[in-house]
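Data first, discussion second: the structure below is written as structure tokens.
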Amino acid sequence: MIKNLIGFFLLAGSLCACSEGGKQAAPDLSNIQLPEGYQIAVYAQVPDARSMCWGEKGTLFVGNRKEDKVYALRDEDGDGVAEKKWVIASGLNTPNGVAFKNGSLYIAEINRILRLDRIEEKLDNPPTPVVVTDKLPDKIWHGWKFIAFGPDGKLYVPVGAPCNVCISEDSVFASILRMQPDGSDIEIFAHGVRNSVGFSWHPLTQELWFTDNGRDLMGDDMPSCELNVAPEKGLHFGFPYIHQGNIPDPEFASKRPASLKTQAPEALLGPHVAPLGMRFYTGNMFDSVYTNAVFIAEHGSWNRTNPIGYKVGVAFLNGNNEVVRYIPFAEGWLKADGKVTGRPVDIEIDKKGALLVSDDFSGCIYRITKATP
């Protein structure tokens with residue numbers, strides 16, 4: 001099993017929503033641990049910053065889980081700080097996920113997908129949301145969603161298990177769905193996925209990779225959370241019968257259908273580290289060793305005796321696209337005394353190749369760059 005490391009970090013408070021404002025007081029980031037030659041700064045402050053996506057005109061959209069709003073950010077002077085911010089939707093039901101296609105922003109609520117058309121032209125006066133589909137379950141447990149468009153042009157939407165561990169009569173739970181951009185042709189792409197809140201497609205193979213959060217209440221050290229690969233439709237990733245590919249569930253393993261074949265994880269990320277957003281690095285700012293590596297935001301454990309996670313890790317792949325190493329890249333959201341000061345949620349890459357990391361605990365989005373010699 002791949003070990004997880006911990007560190008320390010300092011944070012700043014949240015910022016009120018506004019359409020435009022000056023630069024805010026930045027937190028002290030002097031002690032953050034990064035590879036030599038890299039640095040971190042605050043890109044923006046957004047309350048409960050969760051999933052992120054880019055628009056076509058350089059707008060960063062940010063979803064929420066605890067609030068009911070969706071934000072839009074712009075760095076118009078190119079200084080690495082988003083000096084403009086808009087609330088473009090409000091009154092929504094846990095709008096965690098955001099995705100962008102053909103000029104429209106897609107927003108995932110608990111039970112439906114909305115769309116804001118031509119939004120980058122209307123940030124000052126956002127349009128009324130269009131309902132793409134309202135056919136998703138309304139269960140709150142693992143109901144918040146990360147969404148993204150795949151290389152096939154379809155929208156991928158996870159539906160988490162409505163429980164810690166259970167067998168649901170409705171096969172839509174513990175799955176990843178996909179649908180046409182207009183909400184039609186909804187189908188299950190992957191089964192046996194307890195709770196994925198982050199996925200991306202390999203830039204060369206175009207295969208879907210996703211994080212999955214392991215079940216609780218089996219002790220501090222099992223099962224591990226996972227990084228998985230789904231090269232095709234219809235695969236089953238084990239939940240609730242087997243965890244991390246080799247640990248039978250104490251209650252449900254005996255109920256596993258005899259003919260069911262399950263997929264083993266590509267990598268074990270650690271018990272209860274709660275991996276959420278992930279991205280393949282396709283920028284050109286970082287050292288070449290990071291090209292096509294997988295950056296993963298670990299939200300951190302909530303019920304472990306000694307907390308772990310609370311960092312950004314990086315998984316390196318070999319020529320066969322197998323994970324050969326998983327190590328910390330940015331750590332410090334967990335201090336040495338066990339105090340939690342931040343919880344990474346999602347990762348994006350800007351047009352210059354910098355890494356953006358959202359943090360719903362501190363209400364910050366950080367920008368990690370390689371320092372200029």
Inset, instruction - Residues being farther than 16 Å from residue 186 by Cα, touching a Phe, Trp or Tyr at 6+ places or on another chain (Cβ under 8 Å) and assigned to a loop (DSSP other than H, G, I, E, B): count how many of those fall in the range 112-150. - result: 5
Inset, instruction - Kindly check whether there is at least one residue in the range 315-337 that is closer than 22 Å to residue 73 by Cα and surrounded by 14 or more Cβ atoms within 10 Å (Cβ to Cβ). - result: no
Inset, instruction - Taking residue 278 as meeting all but one of (1) over 17 Å from the mean Cα position of the chain (by Cα); (2) crowded, with 23+ Cβ neighbours inside 10 Å; (3) not aromatic (Phe, Trp, Tyr), write down the number of the exception. - result: (1)
Inset, instruction - Find all pairs meeting these conditions: Cβ atoms under 7 angstrom apart; at least six residues apart or on different chains; first residue within the range 344-358 and within 12 Å of residue 51 (Cβ to Cβ) and open to solvent by less than 10 Å² (accessible area, probe 1.4 Å); second residue outside any strand (DSSP E or B) and among the acidic types (Asp, Glu). - result: 345/360; 356/350
Legend entry - Selection count where residues are touching a residue at least 40 places away in the same chain (Cβ under 8 Å), within 20 Å of the chain's Cα centre (by Cα) and surrounded by 18 or more Cβ atoms within 10 Å (Cβ to Cβ), scope the range 284-306: 7
Legend entry - Failed item in (1) in a loop (DSSP other than H, G, I, E, B); (2) touching a strand residue (DSSP E or B) at 6+ places or on another chain (Cβ under 6 Å); (3) buried (at least 17 other Cβ atoms within 10 Å of the Cβ), with residue 268 passing the rest: (1)
Inset, instruction - Scan (1) hydrophobic (A, V, I, L, M, F, W, C); (2) within 29 Å of residue 59 (Cβ to Cβ); (3) surrounded by 15 or more Cβ atoms within 10 Å (Cβ to Cβ) for the single condition residue 371 breaks and write down its number. - result: (3)
Inset, instruction - Confirm whether residue 227 is buried (at least 20 other Cβ atoms within 10 Å of the Cβ), within 19 Å of the chain's Cα centre (by Cα), of a type in the set (A, V, I, L, M) and farther than 30 Å from residue 131 by Cα. - result: yes
Inset, instruction - Return the only residue of 205, 211 being of a type in the set (Val, Ile, Thr), surrounded by fewer than 19 Cβ atoms within 10 Å (Cβ to Cβ) and modelled with pLDDT of 95 or more. - result: 205
Inset, instruction - Considering only the range 81-103, state which residues are open to solvent by less than 30 Å² (accessible area, probe 1.4 Å), under 15 Å from residue 63 (Cα atoms) and among the small types (Gly, Ala, Ser). - result: 89, 97, 99
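The values are calculated or read from the model by the stated rules, or taken from the named source; none is laboratory data. Remember, predicted model here, so these are calculated numbers, not experimental data. For neighbour counting, all protein chains shown are included, and Cβ atoms are generated from backbone atoms with ideal geometry for every residue, glycine included. The accessibility values were calculated without ligands, DNA or RNA, using every heavy atom of the protein model including side chains. Shrake-Rupley method; radii C 1.70, N 1.55, O 1.52, S 1.80 Å.
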